[in-house]
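The next block holds one structure in the form of structure tokens; read it before the comments.
Values in this text are rule-based calculations from the coordinates and carry no lab data. Just so you know, these numbers come straight off a predicted model, no measurement behind them. Here the Cβ positions follow ideal geometry from the backbone for every residue, glycine too, while neighbour counts run over all protein chains shown.
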Amino acid sequence: MKIPLLGFEIDERFLMHRLKSSSLAGIIGGVVAILLWSYRYYIDHVWSWDLLAVGITIVGVKVAAMAWYRLRD
């Protein structure tokens, strides 16, 4: 695939690296949100709804996407 503004081509390796790095970033973001929520809940005794919602959303989207791709293949 050729990029119009930059003038060079992107191969499949670049796209696979981008896919893997985005997946890894999402997983690590979800884990950090859940760990931060756990810390605030168990150590500070503060119920942080926003962090819980972020962690559950990331995990839910990841599981739903995995199920969708598994059923579609």
Completion exercise
Phi angles of the stretch 50-66, converted by Karplus (6.51 cos²θ - 1.76 cosθ + 1.60, θ = phi - 60°) into ³J(HN,Hα) in whole Hz with x for Gly and Pro, give 5, 5, 5, 5, 5, x, 5, 5, 5, 5, x, 5, 5, 5, 5, 5, 5
Problem - Sorted peptide list for 33-42, 60-69, criterion being average Cβ within 10 angstrom, highest first - result: 33-42, 60-69
Exercise for the section: For residue 27 and residue 69, calculate 0.36 nm times their separation in residues minus their Cα-Cα distance, and state this gained length in nm to one decimal. Expected result: 13.4 nm
